[in-house]
Each structure stands twice: as structure tokens, then as C-alpha cells.
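Trainee: Sending over a structure as C-alpha cells; questions will come in a sec.
The values are calculated or read from the model by the stated rules, or taken from the named source; none is laboratory data. Just so it is clear, the model here is predicted, and its values are computed rather than measured. Using ideal geometry, Cβ is built from the backbone for each residue, glycine included, and neighbour counts are taken over all protein chains shown. Just the protein is used for accessible areas: all its heavy atoms, side chains included, with ligands, DNA and RNA removed. Shrake-Rupley method; radii C 1.70, N 1.55, O 1.52, S 1.80 Å.
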Amino acid sequence: MTVDPRLTASSDPGRMTSSRLPILLALVFSSLFPVFSHSNREMWFQDLFPPNTCPINAKTFYGIMFDAGSTGTRIHIYTFVQKSPEILPELEGEIFESVKPGLSAYADQPEKGAESVKRLLDMAIDAVPPHLWKKTPVVLKATAGLRLLSEEKAQALLSEVKEVFEESPFLVPEDSVSIMDGSYEGILAWITVNFLTGQLAGHNQHTTGTLDLGGASTQITFLPRFEETLKESPRDFLTSFEMFNSTYKLYTHSYLGFGLKAARLATLGALNTEVADGQMFRSSCLPKQLEAEWHFGGVKYRYGGNKEGETGFKPCYLEVLKVVKGKLHQPDEIRGSSFYAFSYYYDRAADTNLIDYEQGGVLEVRDFERKAKEVCDNMERFSSASPFLCMDLTYITALLKEGFGFRDNTLLQLTKKVNNIETSWTLGATFHLLQSLGITY
Ligand SMILES: Nc1ncnc2c1ncn2[C@@H]1O[C@H](COP(=O)(O)OP(=O)(O)O)[C@@H](O)[C@H]1O
Ligand SMILES: [Ca+2]
């Protein structure tokens, strides 16, 4: 796999999951980590254990990945188990925790931002046995929140985090704290999902495309089946990497400023503008009488409903349309395919009972539109929910239909976990991290 070494990690607080995916992961590892190939096995092995001291009992290894997202920081502590030297390792489980807000909210207090990372890292101190601390790599990858900050503020945050890492007992690789390139966010999430669903293990692959809707950016990634898609796509939307002795040419793009929260600001006309003191941003997507304040990316915004004017789905859709229409590339072949969708696609579908919060579910694009109409045309009925619910659902509808060009009946598989592992780019990033360090557990 030729993935850039800039990839990093994620975090979120509070629960432990555990699952075994031995066959699949054995395959995954064998192709991700060429050191496992037969001819290299001896070398790999000697690095870890001196001759004649190979363990008879199972060995456990860890990888720590932080996801510094725009709305929160999350830690994923992955556990890998190797039962015997001859058998490839298994992904045993994941410990996952998160804190809010994200690092970008500490743009002017980088030390406080780093403190939030430290609190999560302390969990890893409890989770990883002391004798393995030094062999356990810790990495943080920041996404769109930091991409939107000035270089100076982003760097100040990253260097404070690096200090926290250096003071920890874990293995701190070079470039362990960085801003991840958006295209890797898409690729790594695609790797995670298609690994976990077993689609990369055999030759009859039916890989699934992935849609991630973050706070500040959104990604679309799929494996094109048609020559036209390769020909018609902008060159920087296509990335090659090798896996399972195959070269995958993926279509992937990260749209900065098109995450759900950035889209709220864009709809309000407040994205990338100097906000004057006391300035009020109004929208037909908000409850008429609403007037409130909102903090995002370290900036305070005042927003409210159209007191005198129109509200409801129709005017709201027109407002939102201005944000997406003509701004995204529309590959023809995705119109009829089904996609895995997560992050805010999942959260908003669960908030409005389109899917079960724990189980997820399958939806059609038109289900989001139906729900958007229901919420926007009856805002008083949904007044206990977020005031942005109408705007969010309308944006998701417009993004899918007018942005990416999906059909009304395109199927979306909304999933938080597969086999009890979070469907996050962090697992793909951890595979890459272990590979790049030559830690081939
Ligand atoms: N590990 C995770 N598992 C499930 N949902 C996640 C995870 N990480 C982020 N999310 C979801 O991502 C969305 C927020 O995106 P975020 O990552 O903060 O922004 P961005 O990707 O734009 O930096 C929310 O819907 C949140 O629930
Ligand atoms: Ca994210």
C-alpha cells in the first residue's frame, strides 16, 4: 500500500469494544505488511525476539491513534494478539474515548488543547501494560478543524501535543503529530470499511464506496468500475495504492468547508467572512423566533430565524442549494451504487429515528428529503431538538442529490461499527503506522 506517511490518529471517550476477526485480519496483515510474507518472516521475527526465546504464549501488541476532528478529539487504542509465531496476528479489540470540543476550539490556548489530549492519553497508560509502553506507537492526525486555522495557530497546537507525547512513556514516531491530507481521510476510511467487511480479502471484490460527513469537511471515496470515471475525473481525485497484490485506483476527494457545521455557516453567509461585532445571521432554515449564539473554530456567531419572512423546507432548500450547486464533481457511475455513510449522516439519521442509534440501518437518499420536509415544515414540533435540525437535514439532502448527484433511490448503509470496531479512518491509519514502523506484530 503506498500511503503517505503523514497519516494519523483519533479519539473519543468511554467505551471498550472487543472483537476477533482472525481470518480477515490475517489476510489484511499479510498484504499490508509484506514483512509477513514467508521469505521475510524470519527477519521480522528476529527483530522482536532473540533466537530461541520465542514466546509460546499469546502476545499482545497495541497501536494508539488520535483523531483530532473539528468537533472533538478521539483516541482509538487497538489491541492485536499473536497467538504463536507461526500464526498471523488478530485484531483483538479497540478502546475508544472522545472529548469535546476539538483542538481547533483551543486555537488561542494551545496548552489547554494539549491538555485535552493528555487526558485521553492517560487512558492508554491504563490500557497498555507497562512493559509494552515503549513498543506502542502513539500518533495524532488532525483533520479539517486544524486545516481551517492559520498555519501559526495550528502549529502551536500541534507542537504542544507533541510535547505531551514526548513526555509519555509511549513510542513517539517521527511526524507523530500532524495535519492529515484530506484525501487520506477518505482512503483510510475506505480501507477500514472494506477490510472490516471482508471485501479486500478475496479476488471477487465488491468494494463499497464511503461517505464521511465531518464538521468542517466531507469525503467521498470509491473504487471506479468504469473507464469513463477514470477518464473524466480531475486527476487529483484519483489515487493509486497497492494491496493484496492488486493495485487499487481509488476516486477520493475531501471537500473542505462542506462539513455539516461549516455548511451551516456557509448557509448563514458567515463562512470565511469577517464577523462584525454583534452581527446577526438569519436563515429560513431556523425557527422564526430563534436568536442565539454559536461557537465554532474559536469564533462566536449570532444567528436566528427569519422573524418576518419565510421559513420551511422550500425556502431553506433554495438557501442551501446556493452552498452546494455546481461546487462538487459528480461522477456518473455513483448514481446507481450503494455507499457506506457515517459521522453526521449517521448522527442526523439517528436523531430523527430514520435509523436505530445502536444498530444503524439502510436508507435511501429520499428518506433524508422526506425527513427534512417533515422537520422544516413543522419546526415547532421539533423545538426540543437542535435548532439546526431542519438546516442539517436539508443540507444533507442537497449535498447528496445536487452536490454528488445521487439518485433518490441510492442506498446508504449507515454504520457506526463493523464487527464491533469503529468505522473510522483511524484503523486504516494504524495499519499504515505499524507498517511504516516495521512493527509487524
Ligand atoms: N470514531 C468515530 N466514531 C463514530 N463517529 C465519529 C467518530 N469520529 C467522528 N465521528 C463523528 O464525526 C462527526 C464530526 O466530525 P469531525 O471528525 O469532528 O469533523 P472533521 O472530520 O470535519 O474534522 C460527528 O458526527 C461525530 O459523531
Ligand atoms: Ca472526521
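Trainee: With a 1.4 Å probe and every protein chain kept in, tell me what percent of the accessible surface of the stretch 295-441 is carbon plus sulfur.
Mentor: For the stretch 295-441, the apolar C and S fraction of the accessible surface comes to 44 percent.
Trainee: Hey, what do the phi angles of the stretch 276-293 turn into as Karplus ³J(HN,Hα) couplings, whole Hz, using 6.51/-1.76/1.60 and θ = phi - 60°, x for Gly and Pro?
Mentor: 6, 4, x, 4, 10, 10, 10, 8, 6, 8, 10, x, 2, 8, 5, 9, 8, 10
Trainee: In whole angstrom, note down how far apart the Cα centers of the stretch 277-356 and the stretch 390-441 are.
Mentor: 19 Å
Trainee: Working out 0.36 nm times the residue gap between Arg381 and Asp356, then minus their Cα-Cα distance, what length gain in nm do you get to one decimal?
Mentor: Contour length minus the Cα-Cα distance gives 6.9 nm.
Trainee: What does the C-alpha gyration tensor say about the overall shape of the stretch 375-426? Classify as rounded when a/c is under 1.5, otherwise prolate if a/b is larger than b/c, or oblate.
Mentor: Cα axes put the stretch 375-426 in the oblate bin.
Trainee: Another one. Between Glu274 and Arg407, what FRET efficiency comes out of the Förster formula 1/(1 + (r/R0)^6) with R0 = 30 Å and r the beta carbon distance, rounded to 0.05?
Mentor: 0.15
Trainee: Any idea what the relative contact order of the stretch 285-393 is, in percent, if you count C-alpha pairs under 8 Å spaced at least 6 apart?
Mentor: This gives 31 percent for the stretch 285-393.
Trainee: When all protein chains stay in place, what accessible area (Å², nearest 10, 1.4 Å probe) is found for Lys231?
Mentor: 150 Å²
Trainee: Could you pull out every one of the aspartates and glutamates with an alpha carbon less than 12 Å from that of Lys141, ignoring same-chain neighbours closer than 8 positions?
Mentor: Answer for Lys141, where 12 Å is the Cα cut-off: Asp67, Asp175, Asp181, Glu185, listed by chain and number.
Trainee: Classify the stretch 107-179 from the C-alpha gyration tensor, please: rounded if a/c falls under 1.5, else prolate or oblate depending on whether a/b exceeds b/c.
Mentor: prolate
Trainee: Can I ask one more? Taking the dipole about the Cα centre of the stretch 352-394, with the C-beta of Lys and Arg at +1 and of Asp and Glu at -1, give me whichever of Ala385, Gly360, Val375 is farthest to the positive side.
Mentor: Highest projection toward the positive end goes to Val375.
Trainee: Further question on the same structure: What is the sum of charges, Lys and Arg at +1 and Asp and Glu at -1, for the other residues whose Cβ falls under 14 Å from the Cβ of Glu374?
Mentor: Once all neighbours under 14 Å are counted, the net charge is +1.
Trainee: Once a ≥ b ≥ c are taken as the square roots of the eigenvalues of the Cα gyration tensor of the stretch 118-231, is the result rounded (a/c under 1.5), prolate (a/b larger than b/c) or oblate (a/b not larger than b/c)?
Mentor: Here the stretch 118-231 falls in the oblate category.
Trainee: Using 0.36 nm per residue of separation minus the Cα-Cα distance, give me the extension gain between Glu152 and Glu166 in nm, one decimal.
Mentor: Result for the pair: 2.9 nm of gain on full extension.
Trainee: Full-extension gain between Asp181 and Asn420, please, as 0.36 nm times their residue separation minus the C-alpha to C-alpha distance.
Mentor: Answer, rounded to one decimal: 83.3 nm.
Trainee: Report the calculated FRET efficiency for Lys118 and Gln205 (r = Cβ-Cβ distance, R0 = 60 Å), to the nearest 0.05.
Mentor: 0.90
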